[in-house]
Every structure is written in C-alpha cells, then in structure tokens.
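Report on one structure; see the data block that follows.
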Ligand code: SF4
Ligand code: SF4
Ligand code: SF4
C-alpha cells in the first residue's frame, strides 16, 4: 500500500484553504505549517505569461532520507500504509531529518522540542476511512488522497484521466522517490523543475 | 542555514581528540615518552567529554541523548558518530589504565593501533554524516576529508604542545634525552614518534590544507567567497596558510628553539581554521528545494 496525496494543479486556484484547514485540524500555532502553497511564476513575456500554484508538503518519499538519518527511529515509514510519520515520543529534536529532507517541508517545534511535518491527518485517516483536512476542504476539488497501488482509489482514478505528460513529481536529488504526484497540463502552464 | 554551534564544536573537539589519540598510538608504536602519551590521552578524554556535552546541547533536552544511545544500531550518521565517540573514549581510558604502572606490554600495542584507527575514523565520520543528497553543498566526499584534515591538524599540534610542556621526560624512555641543545621541551618533542613528530605534524597540516582547498573548490569560489571573511580569512589565511606555515616551521630550527609557542600557535590556527570550515559548511547550505523557506504562504500578499 502506498497512501499519499495527488494534487491537480489544473484546478488549484491558490486560495490557501488547505493551509488554513491543516492548521485548524492539527492545531498549529502561529508560524507553524504542515503545508504551504507556493506561487510558481509568473514567467514569460506578456501576453505569453503563465503561473501556477504548488501546494507543498511532505512528498511521502518511498525511500525517505528523513527516515534513514533519524538516530532514534522516530521518523519511520509505516510498513502497512507506506505513510512517512514521526513518533514524537521518540524524537530527540536533533533536526538531522530537517537537513536531510530534500524538500524543506519539516519544521522544528521549539516549544515541544520535536520535529513536525504533514501526517496526512493520521488522526483522521488511520482507520482507512476519511481524508485529510486539506483534501476535504479544498474548495476547487484539487486535492485527492488514497492508495497509489489501488486502481480504484481516488488518486488513481484522477490520474487515469490525464496523459503522462501532465503528471509530475518534484525533482529527485538522488533516490528519494517522492510519491506525491502533481497534475499540470501543458495547456495550463509548463511544469518547472525549480532546481 | 543557521550555524549549529553545538555541532561545529562537537565535530572539531571530538575530531581533535581523535587526532591526539592517533598521535598517542603512533608514539606508542614508534617510540616516545610515556608521560607525554598519558597526558595526551587525558587531554583527549577531556576533549571527548566537552565535545560530547556540546553535541548534547544541540538536542531539545539533554536527557534525549539516551534515546540516541539506545538506538545505536540504526547506523545513521549520528549513531556512527556516537559509536566512534564511545570507542575513542574506551580506547583512551583503556590505554591510561594499561599504562598506569609502566608499560602495559602487548595489550598496549593493540590499543595503540586501535587509537590510530578510531582517532582517524572519528574525524572523518563526523563530516561524513553530512554527505546527503538534500544538501547539494554538502554532498561531496571532500567535506569529510576537510573535517578529517582540520581535526588531525588540531590533534597533531595539541600533541606537540603536550610534549613541549612535559618538561620532565620519563627518563629512559626518551630516546635522545641527552641531545645537545639542552632545551628540555624541545628534547621531549624531538624524541616523540621516534623523532618523527614534526614530520607527522606536517603531514596532518598538508591533509588539512588539501581538505579545506578541496571543499572550497567544490563549493566554487563564488559560493565560498560569498562568505568572504569565513572562507578567505578563516579557512584560507588561518586554516590553510597559517597551519601550513606552522607545520613547515616545525621542520626548521624554530622547532628546537621554541617548540611550545610554535605548537600553541599551530593549534590555535588549526582550531580557528577548523571552526571556520564548519561554519562555512552551515552558512553555505542551501537545501535542494527548500519549499518552506518561502515565508509568505498567502499568494494574495505576493501580488
Ligand atoms: S518529503 Fe521530506 S519529510 Fe517527507 S518523506 Fe520525503 S524526506 Fe521525509
Ligand atoms: S529530529 Fe526527531 S525525527 Fe528528526 S532525525 Fe532527530 S530524532 Fe529523528
Ligand atoms: S485548498 Fe485546494 S485550491 Fe486552495 S490552495 Fe489548497 S490545493 Fe489549491
């Protein structure tokens, strides 16, 4: 099983609802985020300009560097669901996972002394039902959650509607194998590698 | 990225302690004074403790260090550093125990070899944990090489300093105690490592210079030079030129005339160079795709 997010950038309006929903659901204080929406662009010269929004959070790497460097096994990949999570009881706040994550999507929580990141709302999704708050609250229907190995899951059904050229992952610096897929059709904007 | 001082200090102090232990082992194998070796081992143990405490200061709570210790077999970069920290401490302490009442015999030689191996390893692996894909400016084997070189140079000069300060050599063990110059400090230093101490120091200085220059070249002069004072001042002038100058001076009459000031200045240069190199590493870290560094999440504010 490989549970993760799929985000359809053709539909994303950059409204930031996912950020707000995430902060509410996970009770994140000022300055703390599990996800951010990044503006890519505008690029080009008028009238040929383009811009898209890149909602960013843990990419649920299949070969996660954050897990490999963790000295206490606090960061782990759930063998059943494939979800990369942090056991805060075990985290010693050494922050090596922050240095090792290629996408800069982990944050150190000074008050708790532990590192935090998107949990795919495990408190909602662990029992197999329900979707993360960002997915539920995306008012453009741009976010999907499910098992990438199950052709009947929301993510696979949405992916099936698009040709390969519209399906992207963030660039991989080595062998991280980010699971999260982004849909961006060339007619909307050209995908930027950002590195 | 913000400079992580506890880690900067830990890696240099623990690596320097490793260098000291490696020189202690070499002295045991090649010849030298037991007094010097024992004092050097004590200094190494002290540096390992201070370095270890510095690294604990990096954690959210000092008690958390226990969790890392109980999960050593994860073989993460940190657990390898911890294992080597423990190994160096055990080797140093065992050596002191064995030589408490004179030469410990064959077992001492075994620990001497272990001291050389573990002492070199900790310098290298304190840098190797940082070789990760997510940090393009760290993802090079020149980084652990520079960590090793700076640590060895520090350990080497500290060993020469300990030898120079040991005015009262342990009699018969000093091969050339009756050498003609009559300066006790210089005599002890000159007899260390079978008379090859300053040559060994020079080799460590050369490694230090090669490591720093190699890492600087990897970063590129633009990226490294963006941190001008750190790179040109701390790394190049002090860490490379200063250290090399002291190393070369060790091969001249200066080593006989003023071994203690020479070793002290050398150790100071190696320390400053080692700190500057580690600061540069943190300052030059960019991340691969640092998505959350974009501080304004709201797109409206971007317009
Ligand atoms: S994106 Fe970063 S935090 Fe998420 S699994 Fe990959 S390495 Fe770990
Ligand atoms: S900060 Fe916590 S989760 Fe990250 S590597 Fe250290 S112990 Fe593991
Ligand atoms: S809530 Fe949906 S539409 Fe709004 S920014 Fe997030 S992904 Fe885009």
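Coordinate-derived values only; no laboratory data. Small disclaimer: the values here were computed from a predicted structure and weren't measured. Ideal geometry is used to build each Cβ from the backbone, glycine not excepted, and the neighbour counts take in all protein chains shown.
Points to keep in mind about this one:
- Between the beta carbons of residue B:253 and residue B:30, assuming R0 = 25 Å, the FRET efficiency works out to 0.65 to the nearest 0.05.
- What separates the Cα centres of the stretch B:24-68 and the stretch B:99-123 is a distance of 14 Å.
- Virtual spin-label span in nm between residue A:62 and residue A:149, 7 Å along Cα→Cβ: 1.0
- Cα long-axis angle, helix B:106-128 against chain B (0 to 90 degrees, to the nearest 10): 20
- Subtracting the Cα-Cα distance of residue B:109 and residue B:2 from their residue separation scaled by 0.36 nm leaves 34.2 nm.
- Separation of the stretch A:34-63 from the stretch B:231-277 is 49 Å, based on Cα centroids.
- Pairs of Cα atoms nearer than 8 Å and 6+ residues apart set the relative contact order; for chain B it is 24 percent.
- One decimal place: the segment residue B:42-residue B:203 gains 55.6 nm when fully extended, by the rule 0.36 nm per residue minus the C-alpha distance.
- C-alpha long axis of helix B:142-165 to longest principal axis of chain B, angle in °: 30
- Distance between modelled label sites at residue B:139 and residue A:13, nm, 7 Å Cα→Cβ extension: 3.8
- Separation of the residue A:164 and residue B:50 label points, Cα + 7 Å toward Cβ, nm: 6.0
- For chain A, built as a Gaussian network whose Cα springs stay under 10 Å, the top-fluctuating residue of A:57, A:123, A:107: A:123
- Of all the options B:291, B:202, B:12, the one that moves most in a Gaussian network model of chain B with Cα springs shorter than 10 angstrom is B:291.
- Added length on full extension, which subtracts the Cα-Cα distance from 0.36 nm per residue, residue B:57 to residue B:131: 24.4 nm
- Computed from the C-beta positions of residue A:190 and residue B:210, the FRET efficiency with R₀ = 45 Å rounds to 0.50.
- Length-normalised contact order for chain A - Cα pairs under 8 Å, 6+ apart - percent: 29
- Fluctuation leader among A:79, A:171, A:132 - chain A, Gaussian network, Cα springs under 10 angstrom: A:79
- Rounded to the nearest 10 degrees, the angle from helix B:5-30 to the longest Cα principal axis of chain B is 30 degrees.
- Computed E for residue A:126/residue A:157 - FRET, C-beta separation, R0 30 angstrom, nearest 0.05: 0.85
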